[in-house]
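Accompanying notes for the structure given below.
The values are calculated or read from the model by the stated rules, or taken from the named source; none is laboratory data. As the structure is a prediction and not an experimental result, all values here were calculated from the model. Counting neighbours? That spans all protein chains shown, and the Cβs are built from the backbone with ideal geometry, glycine included.
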Amino acid sequence: MAGTTQGQPRPLPPGLDLLWGRRERGRRGPRPGLSPESIVDAAVRVADANGLEAVSMARVAAELGFTTMSLYRYVANKEELLQLMWNAATFGADQLVIEGDDWRSRLRNWAILQRNMMDQHPWVTHMPMAAPPVAPNSLHFVERGLGTLDDTGLPDFEKLRVLGLLSSFTLSEARMADDARRAAMAAAQAAEGAGTAPDMADGAPEPPQSFEGLLRELVDERTYPRLYRLAWSSEPDRQPPEQSEFEQFLLGIDLILDGVQALIDRTAGES
């Protein structure tokens, strides 16, 4: 039997035991209106509104109108709370239907669903991740991802590597997008506090320079000839088209999927 030793369930780390229903109920009675679910919901509300750094046991307790000590009847500490929040962020993963006519379109939609979840809960991109998430909803999502690759002929371990690569890229892109959003908000708030309009008043923060704009300020042709050429290239046919951040994300996904297709072809040739 999976997850057992000689018929007995193996002990799980704190947090996972609660998520998988393996924790014994404490002796102290429950508090009316308080439960692990209500605590996690409150923590997610705090993180959605103010970021992951705003989440603490005291802040969540205040959100619910209880004392901090009351929460410890249900959640052992903040680290455990973060595990529960991660699982909550992927709520509904067990009901997902990944649409598409072939493996590529289905896997692309799987990656987009993951990105949409991170955009909805950007604090997820700042979560500590020492190991792959193994909460129930996380594993449901991985299971759906593996299903998109059923007809590729890839061995299971390669399918898991593909999902890991896509997830790492999606996480990185979503975090950079959130960092840029937060920086823009901070600049706008600073300008507002100074009583200036960012796009009109003298001394207001200027919009962030593009990568090419910064290169023009920093690189010289002798030391950085290739970067210099990139920064000062003026040929219209050599300039990339204007793209939104999400369009650039999709381009990256498509490049990864090109690599997956090459992997599929190589695996088929070897077999």
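Data overview
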read-out	value
Single condition residue 153 does not satisfy, out of (1) at negative phi; (2) not in a helix (DSSP H, G or I)	(1)
Among (1) over 25 Å from the mean Cα position of the chain (by Cα); (2) farther than 26 Å from residue 163 by Cβ; (3) outside any helix (DSSP H, G or I) - the single one residue 101 does not satisfy	(2)
In region 135-150, the residues that are at pLDDT 95 or above and part of a loop (DSSP other than H, G, I, E, B)	149, 150
Those residues of region 237-271 which are at pLDDT below 85, over 27 Å from residue 180 (Cβ atoms) and assigned to a helix (DSSP H, G or I), in sequence order	237
Single match in 129, 185 (criterion: closer than 24 Å to residue 79 by Cα, free of Cβ contacts under 8 Å to residues at least 12 places away in the same chain and either touching a Pro at 6+ places or on another chain (Cβ under 9 Å) or surrounded by fewer than 14 Cβ atoms within 10 Å (Cβ to Cβ) (or both))	129
Test: residue in region 109-125 that is assigned by TED's automatic domain parsing to the domain that holds residue 254 and more than 15 Å from the chain's Cα centre (by Cα)	yes
Some residue of region 87-96 being in contact with a Phe, Trp or Tyr (Cβ under 9 Å, 6 or more places away or on another chain) and not in a helix (DSSP H, G or I)	yes
